[in-house]
Amino acid sequence: MRIGLLTEGGAPSATGDTGVWWRRLVRGLAPHDFDVYAVGGPLPAIPLPPNTRPVPATGEGAPVAAPPERAGRRAYGRRDRRRFAEGFHALATGLTAEAAPGTAEDGPARAFADGLGALADLARDSGGVPGALRSDEAVRLLEAACRAPGAHRAAAAAGLRDHLAFADHLERALRPLSLDWYDETALGAADLCHATAGGSVALPGLLAKRFFGTPLLVTEYGVGLRSHYLDGGAADRSTPLRTLLAALHRRLAGETYREAALLTPGNAHARRWQERLGADRDRVRTVHPGMPAERFAEVGEDEESGEPGTLVWIGRVEPAKDLVGLLHAFAEVRARQPDTRLRIVSVPAERGEADHCAYLAQCAALAAQLFPDEAAGAHAVGENPVSFEELGGPEAPTLEDVYASAAVVVLSSTVEGFPASLVEAMFCARATVSTDVGAVVEIIGGTGLVVPPRNPRALADACLALLRDPERRHRLGAAARARALELFTVDQNLAAFRGIYLELLSHAPARHHAGSDVPFAHPAEAHLPGSWAPKAVPAGTGAPDA
């Protein structure tokens, strides 16, 4: 079958966890053909499997830094102006209206969906939607919706600058409406649309369902709306603008969840977000992300590996990881068991990430303050029990080397989605101590210790409990490896999606394409030569002799 794979354009689709996952997916499901659409930016120049082809986005509003000039110059006639005004009014009302206390949000959500569908119809018939969304008429309609009775109080306080900034953001978010999806040789040729995220990334899938009846599958290993809420870069925006942007992301995500034939969150944490935003529980199925276990096999099978007094933390250095709390916890561990050490191994940061360097420097300064360099004797050089290393460096050349040195792997985050480092530690048969955030409890499943976040004393007590009990540590590590091999491998993930693809297509209306044989295009039948029924006996001749 042909799959229209909708990914986030730009660097994240190549370097992030989602990009790694979908490349494994298309490589593992080689019998299927994948058309990769990069929504929001170009697909980076990365090697793709033979069964995959990147599809360039052309036409009005193509996902580039600025929409084509032709889109801005197009002028609507009277009929199309009226269609745009009606559709945009409904969409803006759905974004600004506040549901009455004690009532459901169905009214505003339905208004947003109706407006989005009307703009999609207009884009298919006449084009020109990017220019219309940036027009003075759109700003006036948005202002009227913000001032209308029943509008959210924060939206009603929006000024002209907020309206202009939001209109610009709205045009970029809805730019997929004006791509060339409306041709049966493009996305209309797909038997199934598979979006790697909700919201605007899945918007072309909503269009394919609206115009061609194509089933939509949405996979989320991180909830985009949650990421928007946690975005630290939004602090300089005004409260009315933040309110409008949050409403847009919430409505887009909710519409995606309601229209998808099936949602496959990567964990129960993401699943709860989807259900809270309107997803039908019967159409949500958790599919854990697959991770390669082969590279960790040697570490996991070596019962003698691991340094008895070594704690290891590995991940991306940022405030949400709460390394400050980890250092204070280790200070208590060190006071009660002086022969321990802590390795903090950071993954290489993206270019230009100043926050990473600043937080790392802050943590290093705190470690130097909490743990002055210690020396064994008067003539020896002192050494700090906390080391800061970078993955790929001389001290930590590979992940396998890092996990092999650990007696206990620690996760101290205050915010998490699906922590891959925890699964990697389980593949290596390492006992873990983690904070109860995100999908941690779902991943661990009783094979490690879990403590409340922002509680250094509880973190220290759990680490000491495992450091002082090698038998328990090894028992938990073996159980963790068995659980990880059962639930979190690439083969498990591929098998799940192989079955999901066939299941969704078997329930979808059959659509014939020239020169292709679509599975399930005809109902299953058994054809046997001849007839099972006996021939009729002419009247009056009597029954045949036995």
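General observations
- You can think of it this way: the chain between Ala157 and Glu383 has 75.6 nm of extra reach, that is 0.36 nm per residue less the Cα-Cα gap.
- Each of Pro176, Leu192, Phe212 was scored by the projection of its Cα onto the charge dipole of the stretch 161-253, and the greatest displacement toward the positive side belongs to Pro176; charges sit on the C-beta of Lys, Arg, Asp and Glu.
- Cβ-Cβ distance of Arg210 and Glu486, R₀ of 41 Å, FRET efficiency by 1/(1 + (r/R0)^6): the value works out to about 0.55.
- Between Ser506 and Ser227, the FRET efficiency estimated from the beta carbon spacing at R0 = 41 angstrom works out to 0.75.
- The modelled label-to-label distance for the pair Ala246/Arg147, using points 7 Å beyond Cα in the direction of Cβ, is 2.5 nm.
- Estimated FRET transfer efficiency (Glu298, Arg472; beta-carbon r; R0 25 Å; 0.05): 0.60
- Two-site label geometry, Arg79 and Arg237: point separation in nm, points 7 Å out along Cα→Cβ: 3.7 nm
All of the numbers you see were taken from the coordinates with simple rules; none came from a lab. Worth saying up front: this structure is predicted, and the values here are computed from it rather than measured. Cβ coordinates were reconstructed from backbone atoms using ideal geometry, including for glycine residues, and neighbour counts include every protein chain displayed.
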